[in-house]
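The values are calculated or read from the model by the stated rules, or taken from the named source; none is laboratory data. Computed from a predicted model, the values in this text were never measured in an experiment. Positions of Cβ are backbone-derived with ideal geometry, glycine not excepted, and every protein chain shown enters the neighbour counts. Each accessible area value is taken on the protein alone, full model and side chains, heavy atoms only, with ligands, DNA and RNA left out. Shrake-Rupley method; radii C 1.70, N 1.55, O 1.52, S 1.80 Å.
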Amino acid sequence: MRELIAMWRNTRMVVFTALTASLYAAILIPFKVLPIIPGVTELRPANAIPVVCSFLFGPAAAWGAAIGNVIGDFFGGFGPGDLFGFVGNFLYGFLPYRTWELLTQRRPVLRGPMDWLLFTAVVGLASGACALVIGWGLNVLGFVPFRVLGNIVWINNMLASMLLAPFLLAVVYPRAERGGLTYGQVLGRRETGRVGLAYVGLGLVVGAVGVGMWLGNGLSSGSVRVPWVGEGVAGGTGAWAVGLGLAPVLVVLLLGMVLL
Amino acid sequence: MKLSIYVVANTPLHRLHPVVKVVGIFCFFVAAFTAGSPIQSLPLAAVVGALLWLGGALANVWRFRWFLALVFFMTFLVWSLFFHSEAPWFAWGPVRLGYDGVRFALATACRLTTFFAVGLLFLSTTRVEEFADALGMIGVPAKLGFVMTLAFRLVPAFVDAALSVVQAQRCRGFDFDRGNWLERVRHYLPVIVPVFIGALRRADLMAMALEARGFQLPGPRTSYRTYAWGWGDAIALVGSVMLAGTWLLWARFAGGN
């Protein structure tokens, strides 16, 4: 996770951040006219961009996805929910490259079934982490129930990434590599001393996303109760139940992120 | 598509210090968030409406009228159906339609629409550079603010590049408007590839241009933009804080969030 801070000392990485943000926003904005939940989310083919940029630009894509989402909201939907959009999209840009490089040495150009399986798992994890944070935050604010938004964000991210990202990566990644423009070439090889801890972090993230999505849906619909949320705080919106019920899961997600 | 919401004008709202605008929008968000009923939301909406008029931003309200109407309608629909109503008129699976749900849905729809109107007011009267400067003044690292302004400025360049590719493909006889809406969306997707490659080509040149201007040098940054505090800023700041305080007290004593 250290590279997320260190990259700001490299001018190329700063430029990659701006490129990711602007590409993401440039494709988000035209699709604002096709809303799924107006003001909250829309049909987002642009969601393939953070995944593609994550494999190309690494940590720069995490910051770029977060900033790009805010810029996209400048054209329809700017509000307090943007804070959670920022964090959710940050995770969506951070997890693909970090998980992939931890699990395999292969280039992210999909050639066989194993590549596709790994790619699906990585994208599913990143989409889930993004959906968990945004779904939680907007339910806590009382805007949209988790069981509506969390699932829409997860499916929206998965669909866009699975349909578009492999195709884009196949075309763009070899060209970026030839030009010496991938994050590995710009930042150099990362240190490998903390690989064991990184695997623990990955386990925590996977657990938090899996449990969080299940628990969020259950708490939001009222079909699941957790002992640390009392009967009296359920409420009609499920804001307190989802807010307090998912809080420990989000702490685990954060811890996993730090270790990654 | 017009790629900016900012209204070029010299109104009192445009002239406010960027930090006052950011604190002001935060205060309005707090007030909108605490409003627990349409009775609490409507006076706030009226204040925001008056400020939109003062900031010359009513044209943007008209531009986004369908968006605001959809936000209101969809929020009302979602919460009417999914609120855990205690005495539902109708229940089917996760759907529980009842009086308390409809009441909450109406309050939330008013609140969310007010949120977006406040956002529209802010974006109509604040340039992205002012926003980035304000973030810098309240402690956000300068490089983050710089990336935000650079990315914002690059968006029209990428949209232009995409439009050029579309025009080139049209000249070759490709029909982007063929098929149903999903097929039409699909026709536009390959346009992303040349835009992406073009962006990669720019990256190196931009990095060199930045370094040539001492981007990574330590020390405080200077800017052509300077801001001065005035009486208008003090009045706006006190007014915003008082507004948030009033709505907090109203919610505390009359029921709200």
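For the reader, a short list of remarks on this structure follows.
- Pairs with Cβ under 6 Å, 6+ apart, first in region B:19-43 and over 14 Å from B:THR246 (Cα atoms), second aromatic (Phe, Trp, Tyr) and part of a helix (DSSP H, G or I): B:ILE25/B:PHE122
- Any chance B:ARG213 is at pLDDT 80 or above, closer than 25 Å to A:THR11 by Cα and open to solvent by 30 Å² or more (accessible area, probe 1.4 Å): yes
- Spans of helices (runs of 4 or more DSSP H) in region B:149-257 with at least 3 residues more than 10 Å from every other protein chain (Cβ to nearest Cβ) and of a type outside the set (Ser, Thr, Tyr): B:181-188, B:231-254
- Hey, A:LEU117 in a helix (DSSP H, G or I) and open to solvent by 20 Å² or more (accessible area, probe 1.4 Å) or not: yes
- Whenever a residue of region B:192-220 is in the same structural domain as B:VAL155 (by TED's automatic domain parsing), its partners that are of a type in the set (A, V, I, L, M) and assigned to a loop (DSSP other than H, G, I, E, B), lying with C-beta atoms within less than 9 angstrom and at least six residues away or across chains, give the pairs B:LEU200/A:LEU181; B:ALA203/A:LEU181; B:ASP204/A:LEU181.
- With respect to the conditions (1) part of a helix (DSSP H, G or I); (2) touching a residue at least 24 places away in the same chain (Cβ under 8 Å), B:ALA46 falls short on a single one, namely (2).
- Residue match in region A:128-145 (condition: touching a Pro at 6+ places or on another chain (Cβ under 8 Å), closer than 22 Å to A:ARG175 by Cβ and either open to solvent by less than 10 Å² (accessible area, probe 1.4 Å) or away from chain B (no Cβ under 14 Å) (or both)): no
- Members of region B:165-206 that are under 27 Å from A:LEU181 (Cα atoms) and among the basic types (Lys, Arg): B:ARG201, B:ARG202
- Among the residues of region B:17-28, none qualifies, meaning not one is at pLDDT below 85, crowded, with 19+ Cβ neighbours inside 10 Å and on the phi < 0 side of the Ramachandran plot.
- Complete set of residues in region A:115-136 that are in contact with a Phe, Trp or Tyr (Cβ under 8 Å, 6 or more places away or on another chain), among the aliphatic types (A, V, I, L, M) and over 9 Å from A:PRO96 (Cα atoms): A:LEU118, A:ALA129, A:ALA131, A:VAL133, A:ILE134
- Residue that is farthest from B:LEU217 (Cα to Cα), among those in region B:139-148 that are facing chain A (nearest Cβ under 9 Å) and not basic (Lys, Arg): B:MET148
- Scanning region B:133-151 for residues that are of a type in the set (A, V, I, L, M, F, W, C) and at pLDDT 85 or above returns B:ALA134, B:LEU135, B:MET137, B:ILE138, B:LEU144, B:PHE146, B:VAL147, B:MET148, B:LEU150, B:ALA151.
- Residue in region B:87-102 that is under 19 Å from A:GLY79 (Cβ atoms), touching a helix residue (DSSP H, G or I) at 6+ places or on another chain (Cβ under 6 Å), part of a helix (DSSP H, G or I) and more than 8 Å from chain A (Cβ to nearest Cβ) present: no
- Qualifying residues in region A:160-203 (those that are without any contact (Cβ under 8 Å) to a residue 24 or more places away in the chain and of a type in the set (A, V, I, L, M, F, W, C)) - the one least open to solvent (accessible area, probe 1.4 Å): A:VAL171
- Residue within region B:117-138 that is without any contact (Cβ under 8 Å) to a residue 12 or more places away in the chain and open to solvent by less than 10 Å² (accessible area, probe 1.4 Å) present: no
- Test for A:GLY81: is it closer than 13 Å to A:SER161 by Cβ and either modelled with pLDDT of 95 or more or within 14 Å of chain B (Cβ to nearest Cβ) (or both): no
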